[in-house]
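As structure tokens, the structure follows; a few thoughts come after it.
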Amino acid sequence: MANSGNSGSLKNIIEKFIRQFKDSRQAKIFIFLGTIGVFFLTLLLAFPNKSYNNRPIRPVKGVQLEKSFSNRAGFQKREDGLKSIANIKEDVEEILKVRIPVYALNVNGKDLAVFKTKDEASNLLDDIVKPFTQDEEAKIEEIGFKENTKIVKKLVGAEKFAENLEYGEILDYITKGTKETKIHKMQKGENYWVIAQKYKINPDDLIKANPGVKPETLQIGQEISLVVPKPLITVVTKEIMEYNEEIAYETKYEETEVLYKGEVRVKMAGEKGEREVKAKINKENGIEIERSILEEKIIAEPTTKVVLKGTKNPPPKIGTGKLAKPTSRGILTSPFGWRWGRRHSGIDIGIPTGTDVKAADGGKVIFSGTKGGYGKCIIIDHGGNVNTLYAHNSELLVKKGTKVFKGQIIAKSGNTGVSTGPHLHFEVRKNNTPVNPAKYVKY
């Protein structure tokens with residue numbers, strides 16, 4: 001039974017050696033070397049020198065040694081050796097199943113990551129919470145997690161621990177909910193609306209995927225993420241905030257024959273009021289879910305706005321009364337309405353610089369020149385209190401006071417003013433109020 005004793009001794013040596021190396025990388029190296037050692041040990045014991053009564057057995061032509069001596073002492077010793085090898089193999093396999101103590105970050109019953117120490121797991125939770133506690137104006141009353149989140153001490157296999165991600169990778173994975181990375185590099189004439197159409201995603205999701213990036217300041221070559229974050233842990237905060245809030249004023253209308261029907265004029269400007277507010281705000285991952293007013297105090301009452309409303313019949317229309325497309329080609333790159341937190345008062349038509357811009361209807365040019373963020377701009381009065389505006393042009397071909405006909409080329413498109421790429425910004429205004437051009441022209 002000498003081999004059995006060697007097996008137990010080998011097991012004790014390996015166990016003692018493993019206890020000295022708890023680091024995952026050292027354990028992996030040891031496992032590798034140990035496996036090689038077992039392999040050569042198996043060869044040594046499985047194929048001993050053939051002998052009989054301590055004398056070498058020499059092959060004899062035509063004689064099969066296994067059959068002639070299978071029941072003799074030398075081969076019985078070989079069989080005992082094979083059994084001993086099996087025992088050693090079982091011992092080594094058991095030892096190689098190294099289980100080490102770790103701290104698992106468990107969310108809703110599922111382990112998302114494991115750490116060597118409890119402090120590492122706690123630090124990760126702190127880093128997840130940190131971005132949502134940076135508002136200096138808010139007082140955090142409560143903070144926690146929507147999911148059942150806890151740190152659990154447990155034993156795991158060394159191989160599993162060795163496969164664990166690095167700290168930064170774990171943080172990125174939990175906050176994004178995916179290991180996927182998908183990047184788009186901004187091209188000339190692109191904005192969030194164009195990119196959202198290209199990849200068939202919601203423009204608001206692009207904003208969520210790129211926190212800290214201002215859509216109106218995107219630059220050519222800038223990289224933006226197309227992966228919408230779906231965090232695996234939801235940070236819940238309850239905050240107390242004190243702030244001043246505007247109070248909207250009311251508007252009162254008075255009829256007058258001085259103005260045409262459909263025309264309005266402000267007789268007395270309204271003034272917004274102001275109040276102090278103390279509110280309790282519930283948020284999930286920084287997004288407000290609920291707000292309740294705890295206290296409010298009026299600082300200034302609002303002043304009512306008085307508007308004159310015309311009753312006189314308007315003059316006949318100058319144009320045909322039906323608007324046509326201001327360009328012969330191009331695609332809609334941004335619609336009318338709310339965009340990136342502000343109102344977009346027209347539509348954007350993507351076209352190369354130098355494209356012909358045409359009058360949408362007959363009328364009189366009431367503005368031709370540079371107009372702030374609109375850049376080089378033309379405004380045409382079509383009568384009936386309808387105006388059209390053409391902005392960001394590279395060249396203006398008509399002057400103020402010029403009467404134009406429907407379809408007349410009035411400018412060359414461009415990229416002047418506040419613009420992210422060559423396009424035409426086209427507005428339709430009724431009674432000096434922007435309305436949706438899509439009601440009149442289709443792109």
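The values are calculated or read from the model by the stated rules, or taken from the named source; none is laboratory data. The structure displayed is predicted, hence computed values, not measured ones. Because the Cβ atoms are built from the backbone with ideal geometry, glycine has one as well, and the counts that use them run over all protein chains shown.
Taking the stretch 378-391, which residues are out of contact with any helix residue (DSSP H, G or I) (no Cβ under 7 Å at 6 or more places or on another chain) and not hydroxyl-bearing (Ser, Thr, Tyr)? Answer for the stretch 378-391, where residues must be out of contact with any helix residue (DSSP H, G or I) (no Cβ under 7 Å at 6 or more places or on another chain) and not hydroxyl-bearing (Ser, Thr, Tyr): 378, 379, 380, 381, 382, 383, 384, 385, 386, 387, 389.
Out of 421, 417, I need the residue that is assigned to a loop (DSSP other than H, G, I, E, B), surrounded by 19 or more Cβ atoms within 10 Å (Cβ to Cβ) and under 39 Å from the mean Cα position of the chain (by Cα). Which one? Unique residue meeting the criteria: 421. Can you tell me which residue within the stretch 312-330, out of those that are at pLDDT 90 or above and surrounded by 13 or more Cβ atoms within 10 Å (Cβ to Cβ), is nearest to the chain's Cα centre (by Cα)? For the stretch 312-330, the residue satisfying everything is 330. I'd like to know if the stretch 337-349 contains one or more residues that are surrounded by fewer than 22 Cβ atoms within 10 Å (Cβ to Cβ), outside the structural domain of residue 206 (by TED's automatic domain parsing), of a type in the set (Ser, Thr, Tyr) and assigned to a strand (DSSP E or B). So far as the stretch 337-349 goes, no, none of its residues is surrounded by fewer than 22 Cβ atoms within 10 Å (Cβ to Cβ), outside the structural domain of residue 206 (by TED's automatic domain parsing), of a type in the set (Ser, Thr, Tyr) and assigned to a strand (DSSP E or B). Check whether at least one residue in the stretch 206-220 is charged (D, E, K, R), out of contact with any Pro (no Cβ under 9 Å at 6 or more places or on another chain), modelled with pLDDT of 85 or more and within 22 Å of residue 334 (Cβ to Cβ), and report yes or no. Checked against the condition, which is being charged (D, E, K, R), out of contact with any Pro (no Cβ under 9 Å at 6 or more places or on another chain), modelled with pLDDT of 85 or more and within 22 Å of residue 334 (Cβ to Cβ), the stretch 206-220 yields no hits at all. The residues of the stretch 268-303 that are among the small types (Gly, Ala, Ser) and either over 34 Å from the mean Cα position of the chain (by Cα) or exposed (fewer than 15 other Cβ atoms within 10 Å of the Cβ) (or both), listed by number, are 269, 270, 273, 286, 292, 300. How many residues, within the stretch 169-220, are more than 16 Å from residue 423 (Cβ to Cβ), more than 17 Å from the chain's Cα centre (by Cα) and small (Gly, Ala, Ser)? Number satisfying all stated conditions: 0. Just one of (1) in contact with a His (Cβ under 7 Å, 6 or more places away or on another chain); (2) surrounded by fewer than 17 Cβ atoms within 10 Å (Cβ to Cβ) fails for residue 131. It is (1). Identify, please: which residue in the stretch 350-364 is outside any loop (DSSP other than H, G, I, E, B) and in contact (Cβ under 8 Å) with a residue 60 or more places away in the chain and is, among those, surrounded by the most Cβ atoms within 10 Å (Cβ to Cβ)? Top of the filtered list is 357. In the stretch 366-403, of all residues being under 26 Å from residue 310 (Cβ atoms) and more than 46 Å from the chain's Cα centre (by Cα), the one that is surrounded by the fewest Cβ atoms within 10 Å (Cβ to Cβ) corresponds to 401. I'd like to check something: does the stretch 144-160 contain any residue that is buried (at least 16 other Cβ atoms within 10 Å of the Cβ), under 27 Å from residue 216 (Cα atoms) and at pLDDT below 90? No - not one qualifying residue is present in the stretch 144-160. Scanning the stretch 194-229 for residues that are under 29 Å from residue 122 (Cβ atoms) and surrounded by 12 or more Cβ atoms within 10 Å (Cβ to Cβ) yields 208, 209, 225, 227, 228, 229.
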